[in-house]
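Have a look at the structure below before the remarks.
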Amino acid sequence: MTVVLERCATGRLRDAYPVNRHDVELRLTERLPADEVTRVLAAAARGVLAENPHCRRVVFAVPVDDPATMVAAEAAGFRYVVDVDIPGVELSLLVAEPDWVTAVDMDLDGVPGT
C-alpha cells in the first residue's frame with residue numbers, strides 16, 4: 001500500500017474548493033480495513049503537518065457512497081467539510097488541520113491587533 005501526497009493547488013482538487021497553495025491531498029492506493037485506514041491516515045496527516053508548518057489542510061477525499069471510509073477518516077482526526085464534484089466522481093472532502101488554523105479567539109468584543 002502506498003500513500004500518495006499531492007498539492008491540492010496542482011492536483012485533481014484544484015478547482016473543487018478554494019485551495020491554499022500549501023494544502024495537501026492524501027490518497028491511499030488500495031482499499032484497506034477501516035482500522036488500518038484510521039491508523040494510516042492519522043500517521044500520514046501528522047507527518048505532513050510536522051514537515052510543512054505552512055500547511056493549513058491535509059485533505060482526504062472519499063467517494064460520497066463510502067460512509068465506512070468516512071467514519072474511519074473521522075476516527076483519524078479528519079472532519080467532514082463539503083461534497084464536491086470532480087470529473088467522473090462526487091467526493092466528500094475531509095480535512096485534518098493544525099491547531100493554529102482551528103484556534104478561535106473568543107473575545108468577540110475585541111478588535112484583532114489592538
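Averaged per residue, the chain has 61 square angstrom of accessible surface, using a 1.4 angstrom probe with ligands and nucleic acids left out. Atom-type composition of the exposed protein surface of the chain places 53 percent of the accessible area on carbon and sulfur (1.4 angstrom probe). Taking amide H positions as modeled 1.01 Å from N, with prolines and chain starts lacking one, the residues under 5 Å from ARG56 and 5 or more places away or on another chain are HIS22, ASP23. Taking the helices alone, the chain has a mean residue ellipticity at 222 nm of -8000 deg cm²/dmol, built from -39,500 (n - 2.57) per DSSP H run of at least 4 residues and averaged over all its residues.
Against the chain, whose longest principal axis comes from its Cα atoms, helix 34-51 is set at around 40 degrees.
Residue-wise HN-Hα couplings along the stretch 3-17, as the Karplus relation 6.51 cos²θ - 1.76 cosθ + 1.60 with θ = phi - 60° gives them from phi, are 9, 9, 10, 8, 4, 4, 5, 10, x, 5, 9, 4, 9, 7, 7 Hz; Gly and Pro carry x.
The values are calculated or read from the model by the stated rules, or taken from the named source; none is laboratory data. Predicted model, so just to flag it, every value in this text is computed and none were measured. Protein only, heavy atoms only, side chains kept; ligands, DNA and RNA dropped before computing areas. Shrake-Rupley method; radii C 1.70, N 1.55, O 1.52, S 1.80 Å.
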